Amino acid sequence: MRGAVAAIMLLLLAGCGAAKPAPPAQTRDSGERLERAAAKAGLIAPIGDPTGLYVADTDRVCIVPAKTDFRIGAVIDYGNSQGCGAVGTARVDGAQMQVEFGAGCRFTARFEGDRIVFPTNLPRSCDRSCTGRVTLAALTVPRLGASMSEARTMRDPRGGMPCAS
């Protein structure tokens, strides 16, 4: 009995070091083809197109196409005069987005999958967009939808629409 158990253990250990074969090229390519077809059919936003509404609790970002690049609005509303509101332009370059809210407030945000992440250190000039002890630094919002109409109708606490034409 011990001999049989030892033999089984040796067979199991021998299989542990075996390398797994790579998936066939057809399998890898089929996922890319499916994603391209879904983007073409309008089911998902094309890669590199940030248009849409991004929301996490009371933190919101809207992005819509503009004459050149994109229009971006960022709103944080914690109530009691604690919040931020900024409108500017954005230029997408792969997984990075160059954001300019004016008056020296320029920084590079990044896309992590389907969310936008602002850097933790922003220029001091970005503070002019905020009241109280709130900051735009480290703002992180996942995409709620890729619809331009959703993004255009996002409202700030005063009822303004930062991404409206």
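The values are calculated or read from the model by the stated rules, or taken from the named source; none is laboratory data. Predicted, not measured: the structure shown is a model, and the values here were computed from it. Using ideal geometry, Cβ is built from the backbone for each residue, glycine included, and neighbour counts are taken over all protein chains shown. When the accessible area is computed, the model is the full protein with side chains, heavy atoms only, and any ligands, DNA or RNA have been set aside. Shrake-Rupley method; radii C 1.70, N 1.55, O 1.52, S 1.80 Å.
For a modelled paramagnetic label at residue 140, 7 Å from Cα along Cα-to-Cβ, the residues of segment 101-128 in reach, with backbone nitrogen under 12 Å, are 112-113, 115-120. For segment 105-165, a/c is not less than 1.5, where a ≥ b ≥ c are the root eigenvalues of the C-alpha gyration tensor, and a/b does not top b/c. That puts it in the oblate class. In terms of its alpha-carbon gyration tensor, segment 50-165 comes out rounded; the largest-to-smallest axis ratio a/c stays below the 1.5 threshold.
Residues in segment 100-165 average 57 Å² of solvent-accessible surface per residue, probe 1.4 Å, ligands and nucleic acids excluded. For segment 63-164, the carbon plus sulfur part of the accessible surface works out to 47%, probe radius 1.4 Å.
Between residue 155 and residue 133, the simple label model (points 7 Å from Cα in the Cβ direction) yields a spacing of 2.9 nm. The Cβ shell under 15 Å around residue 135 holds other residues with a net charge of 0, Lys and Arg each +1, Asp and Glu each -1. Shape of segment 43-111 from the C-alpha gyration tensor: oblate (a/c of 1.5 or more and a/b not above b/c, with a ≥ b ≥ c the square roots of its eigenvalues).
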